[in-house]
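The structure appears right after this line, and notes come after that.
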Amino acid sequence: MRMETSMLIISFIATILLGFIIIPILRKLKVGQIERDDGPQSHLKKQGTPTMGGIIMMITMIIVVTGIYVFLSIQSERETANRLIPMLILTMGFGVIGFIDDFKKLVLKNTKGLKPSYKMLGLLLVSVIYVVYLVEGLQIGTDTYIPILKIYINIPIYLYIPFAIIVILATTNAINLTDGIDGLSSSVSAIIITCLTVIGMITGRKEIAIFGSIVIGSVLGFLMFNLHPAKVFMGDTGSLFLGGVISAIALYLKMPLLLVIIALIPVLETLSVIIQVVYFKKTGKRFFKMAPLHHHFELLGWKESKVVIIFSLITLALCVIGLKIV
């Protein structure tokens, strides 16, 4: 527990220090947020706020995970150290794809960004590599925990691999859609990752406990700049990175189905978009005032801070329930 606490504090401080360095650079590069004209009017003043800030968390992760890898290797805990690297590679892989998309949009001024087909191909490739690593490299098996029943079921490998890939892609997309209000995605993600990290501690997964603690510290450090009024946004760089973290840990713990409970807010954000699109195609009208869901509540008159607090409290309550049924 002492090591995990130290890693959290170190990554928290490192992220804040990097924030003071990188945010002015992003501002100088003029990588500003582009707001929708049809969105909440309060968002128009965010136009130009530096985005692509997820790179701050990514750099922290690379530095701190590399540092703890060397430390654990020296301490003859090479197995734990080696298991940190694949999780880092997966999360960095998603973050890099988000970074390329952000870079093309904001720096190269290509409004379309990374082609959707290329983006999906990249996400799919990283997902496949990680799932194959879990099944063939770590040989953790395909048994998956069913939260309500509190039992594990063994899924045939030919079903498990596509299922696991879908979990990763769905999670990264859900976290991406949750990002749209100052501090929302980072707050919700921090709570979810904390829940998964605690499960890692309970089940004796030291690598999860260490990795999760480092991520929590980096997200909390980023929140110092991302809370309302935000000085920086995470962009696809950060949201895809966090989605990768959540899905990677959940699959490693054999508890991807637990995400339906503890990550209900991102799930509802995704469903709101699907419902909005389907309903509009059928009726020509909008089911929600605006999708994703957080914008609906904004247009109902909720302040951004209220949306973040309510959604975060709901996530916290669901995570407590999740810990109870593990």
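Quick note: the coordinates plus some simple rules give every number you see, no bench work behind them. Just so you know, these numbers come straight off a predicted model, no measurement behind them. Please note: Cβ atoms are built from the backbone with ideal geometry, for glycine as well, and neighbour counts cover all protein chains shown.
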Self-check item: Loop trypsin sites (Lys or Arg not before Pro), region 75-132, which have at most 14 other Cβ atoms in a 10 Å radius of their Cβ (DSSP)
Solution: Lys109, Lys112
Self-check item: Cα gyration tensor, region 88-196 - rounded (a/c under 1.5), prolate or oblate
Solution: oblate
Quiz item: For region 2-324, what is the per residue volume of the convex hull drawn over the alpha-carbon atoms, in cubic angstrom?
Solution: 137
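Can you give the relative contact order of the chain as a percent, counting alpha carbon pairs under 8 Å and 6+ residues apart?
It rounds to 27 percent for the chain.
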Quiz item: With point charges of +1 on the Cβ of Lys and Arg and -1 on the Cβ of Asp and Glu, referenced to the Cα centre of region 2-324, which listed residue (Ile262, Gly243, Ile274) lies farthest in the positive direction of the dipole?
Solution: Ile274
Quiz item: What percent do you get for the relative contact order of region 156-230 when only Cα pairs under 8 Å and 6+ apart count?
Solution: 33
Practice problem: Per DSSP H run of at least 4 residues, take -39500 (n - 2.57); add these up for the chain, divide by its residues and hand me the 222 nm value, nearest 500 deg cm²/dmol. | Solution: -23500 deg cm²/dmol
Quiz item: Each residue of region 255-260 in order: what ³J(HN,Hα) in whole Hz does its phi give by Karplus 6.51 cos²θ - 1.76 cosθ + 1.60, θ = phi - 60°, with x for Gly and Pro?
Solution: 10, x, 6, 5, 5, 4
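Please go through region 279-326 and write out the trypsin sites (Lys or Arg not before Pro) that DSSP classes as loop and that have at most 14 other C-beta atoms within 10 Å.
Here the sparse-neighbourhood loop sites are Lys285, Arg286, Lys289, Lys303.
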Exercise. In debye, nearest 20, what is the charge dipole magnitude of region 78-165 about its Cα centre with +1 on Lys and Arg Cβ and -1 on Asp and Glu Cβ, if you could check?
Key: 460
Quiz item: If you take the square roots of the eigenvalues of the alpha-carbon gyration tensor of region 207-274 and sort them as a ≥ b ≥ c, do you get rounded (a/c under 1.5), prolate (a/b over b/c) or oblate?
Solution: oblate
Exercise. For the chain, set up a Gaussian network in which alpha carbons nearer than 10 Å are linked by springs, and say which option among Ile193, Ile68, Ile157 fluctuates the most.
Key: Ile157
Quiz item: So how far, in whole Å, is the C-alpha centre of region 271-287 from the one of region 162-235?
Solution: 28
Quiz prompt | Ascending count of other beta-carbon atoms within 10 Å, so fewest first, for Met58, Met234 | solution = Met58, Met234
Self-check item: Only Lys, Arg (+1) and Asp, Glu (-1) charged, at Cβ; the chain dipole about Cα centre in debye
Solution: 740
